[in-house]
Amino acid sequence: MIRVLTRNISRAPGAVWIDAYEANGGYDALKKAVSMAPDDVIKIVKDSRLRGRGGAGFPTGLKWSSVLPLEGSARPRYIACNFDEMEPGTFKDRFLVDGDPHQLVEGMIIAGWSCRADMGYIFIRDEYKITRQILKRAIAEAENKGLLGENILDSGWSYRIFVHASAGRYMAGEETGLINALEGRPAMPRSKPPYPGTSGLWGKPTVVNNVETLSCIPHIVQHGAEWFASLGKAKDAGTKIYGISGNVSRPGCWELPMGSTLHELLDLAGGMRDGFKFRAALPGGASTMFMDALQLDIPLDYDALKDAALMLGTGTAIIVDDRACPVGLLANLAMFYARESCGWCTPCREGLPWVEKLLRAIDDGDGRAGDIELLLDLIKNIGPNTYCALAAGASFPIESGIKMFKSDFEEHIAQGKCPYR
């Protein structure tokens, strides 16, 4: 098993402290980066083919290079780390930071140097209270070593990082919703353009990256773009923190080459628990489409899944077993998305509660003929007609789930009850 992002994750006492991190090569990449021109660091990241690990898969180097040139640019400039991680079934970023906080801190400092930023924010969900304390201690340790603050490593460049606890909203995980929340506004999306690289936090150039994305940066700078690109099994580069939850023997996270399969991930998780059989999975968290047992060997990367009309998302699979009611599962997902809608767009604000109501009625045995067709019609009109990706992400599992489990829906309606109860 490859250990790049997880190389320092250990249960040993003091493993998350800066001395242990530096003893294993920590902050060597930062020292290398500040000896280079910022544009040269961006080129390494661009050549590595690193794509955002938060779900969208946008090329990281391209995002960094889109920030306005320093000359004539508004100041200060910002790096924002998206650590909201509120999607059901997703827990990989907490796994990384709880085990190796300095990896993220170093990645954020290198991102700050490369994008000529003055300040960084780690936007973290409020429920991650222990993780927040781990991060604050890591930042303080880096400051005490002269790796953060004024005149970092005698480079003449100053940069600070702050931890910001989110008020708690799934919408805050969307790039511009996060920016609004950092400014103290409701977590609602902004129109694009202008893009954050031009006008982001407080109208200043801002780069927003996910925790796992930024954690890759020190390794890319230290070992080179070609090395990182070679780690992937297919077109997509690097390793990936894949996760799995549901009725498997060992739910958790594993670092694997990009392009590994759900079959491999299931094997690492010890297969299904006794008495349960695999039926389907959401391969990349709650905002992706269902895959069945015949698709277990599709590489879990952006392009291979797209070719199969699926999505990688966050790469954290939710397993559905043969004893779980898919109608109830979809009703619970719809409830989550309806509650987390920011209310900005009418189709999302009004449509998702209606979808939840219909699903709940079918699950409770009150479904009627025509409800399945009505649900599909609703879903097709919600996702494409909203301001951001929340409604589309809510639509993907529900539409694909209705199609995959149509016989279950029909049985609920015909029997006037849930056959799983």
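Observations, loosely collected:
- Test item: Cα-centred dipole of the chain, Lys/Arg +1 and Asp/Glu -1 on Cβ, debye: 520
- Loop-located trypsin sites (Lys or Arg not before Pro) across the range 352-395 with a Cβ neighbour count of 14 or fewer within 10 Å are Arg368, with loop assigned by DSSP.
- Assuming charge only on the beta carbon of Lys and Arg (+1) and of Asp and Glu (-1), the dipole of the range 326-415 about its Cα centre is about 300 debye to the nearest 20.
- Partners for Lys192 among aspartates and glutamates (Cα-Cα distance below 19 Å; same-chain residues under 8 apart left out): Glu174, Glu175, Glu183
- Taking Thr288, Thr239 and counting other C-beta atoms within 10 Å, the order from fewest to most: Thr239, Thr288
- With 10 Å bins beginning at zero, the pair-distance distribution over Cα atoms of the range 194-268 amounts to 17, 33, 28, 18, 5 %.
- Amide hydrogen proximity for Tyr121: with H placed 1.01 Å from N in the peptide plane, the residues at 5 or more positions away or on another chain lying under 5 Å are Ile79, Ala80, Cys81, Phe162.
- Distance between the modelled labels on Asp40 and Ser73, one decimal in nanometres: 1.9 nm (7 Å Cα→Cβ projection).
- Loop-located chymotrypsin sites (Phe, Trp or Tyr not before Pro) in the range 16-79 (DSSP state other than H, G, I, E, B) with a sparse environment of at most 16 neighbouring Cβ atoms within 10 Å: Trp17.
- Most simply put, the chain has about 45% antiparallel DSSP beta bridges, counting only bridges with both residues inside it.
- Residues whose amide H comes within less than 5 Å of that of Ala280, counting only those at least five positions distant or on another chain, are Val320 (H built at 1.01 Å from N in the peptide plane).
- Here the gap between Asn385 and Glu143, fully extended at 0.36 nm per residue and compared with their Cα-Cα distance, gives a gain of 82.5 nm.
- GluC sites (Glu not before Pro) restricted to DSSP loop in the range 51-131 with at most 16 other C-beta within 10 Å: Glu71, Glu127
- Calculated FRET value between Leu374 and Asp292, using beta carbons and R₀ = 25 Å, to 0.05: 0.50
- Distance between the pseudo-spin-label points of Glu226 and Ala308 (7 Å out from Cα toward the beta carbon): 3.2 nm.
- Here the mean projected area of the convex hull built on the C-alpha positions of the chain is 19.8 nm².
- Distance histogram in 10 Å bins (all Cα pairs of the range 326-415, percent per bin): 19, 55, 23, 3
- Each residue of the range 115-125 is assigned a 3J(HN,Hα), and the resulting list reads 9, 6, 7, 10, 7, x, 10, 9, 8, 10, 5 Hz, derived from the Karplus form 6.51 cos²θ - 1.76 cosθ + 1.60 (θ = phi - 60°), x at Gly and Pro.
- Sequence of Arg250, Arg279, Arg169 once ranked by neighbouring C-beta atoms within 10 Å, starting from the fewest: Arg250, Arg279, Arg169
- With the simple model of a label 7 Å out from the Cα in the direction of the Cβ, Lys417 to Glu350 spans 3.7 nm.
- 22 Å Cα-Cα reach of Lys235 towards lysines, excluding residues that sit fewer than 8 places from it in its own chain: Lys43, Lys46, Lys63, Lys306
- At least 18 Å along the helix axis (C-alpha) and Kyte average at least 0.0, DSSP helices within the chain: 101-114, 211-223, 326-340, 390-404
- At R0 = 45 Å, FRET efficiency that the Cβ-Cβ distance of Asp274 and Ser65 yields, to 0.05: 0.30
- Rounded to whole Hz, the Karplus (6.51, -1.76, 1.60) HN-Hα couplings of the range 153-168, x for glycine and proline: 6, 6, 8, x, 10, 10, 7, 10, 10, 10, 9, 10, 7, 5, 6, x
Throughout, read-outs are computed from the coordinates displayed, never taken from laboratory work. All figures in this text were calculated on a predicted structure; none of them were measured in a lab. A quick note on method: Cβ atoms are made from the backbone with ideal geometry, for glycine too, and the neighbour counts reach across all protein chains shown.
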